[in-house]
Structures are given as structure tokens and as C-alpha cells.
Amino acid sequence: MKVALLCPDLLFGSRVESGLQGAGHEVERVKDAAAAAGSDLLVVDLGEGVPDLPGPPLRTLGFYSHVDVETRRRAEAVGFDMVVPRSRMAREMIPIVERLMATAA
């Protein structure tokens, strides 16, 4: 599966990238959501804001600081398929991605 990763936090982004690559996914770091065209999944760090989404058939996963409930609400309102706290993303990244992509089939 081809994953586009939009995460300006280099440390956490590297953790997500290596975790997904270790699970067999092809990961490309992107600078904006529009650059995710052609990917199966867009993973976004919502700490820098909620981007406009490029649209289907791309699946979307956003993660946010657990105290920033408003960011979660905005992401859900613009159409993110799944939005999880950063701590959950760190703990359960691979099962989250697998569950999300299984619902796309």
C-alpha cells in the first residue's frame, strides 16, 4: 500500500514512517495534502492545522494532541476517515492503519 505522510514533526514523522515501512507499506513524505494524489492513504499530523482533503478514493487518517478536541472536531467535519490522539497513533499505528484500510475494501 502506498502511504503519503504529512508530518512536519521530524522525530514523530520518522517514527510513523519507519513503523509503516516495517509493516510493508511504501511511505512518501509530502509537504501538503494535494501531493498525496496516487496514494492509498494520507496520514496527517493535525498539530499544524487541518488541511483540505484531496478527495476519494484516498483514505485519510489524522492524529492530534489529545487535549485539542477542537482539532479533532474540525478534522471529522472536513471528512477525515479516522482521527486519533497522537498517543494512540504511537501505540497502535499498524492496527489502526490495517483497520482503516480494511474498511476501504
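Each reported figure results from applying straightforward, stated rules to the coordinates on display, with no laboratory input. Every value quoted in this text rests on a predicted model; they were computed, and no experiment measured them. Here Cβ is always computed from backbone atoms with ideal geometry, including for glycine, and neighbour counts include all displayed protein chains.
Springs between Cα atoms under 10 Å define the GNM used for the chain, and in it the highest mean-square fluctuation of V83, V43, V69 occurs at V69.
Placing R0 at 25 angstrom, the Cβ-Cβ distance between V67 and K2 gives a FRET efficiency of 0.20 after rounding to 0.05. Based on alpha carbons, the Rg and Dmax found for the chain are 12.2, 33 Å. Here segment 78-95 is scanned for amide nitrogen atoms under 18 Å from the site 7 Å beyond the Cα of Q21 along Cα-to-Cβ, giving 93-94. Over the chain, Cα pairs under 8 Å with separation of 6+ residues give a relative contact order of 24 percent.
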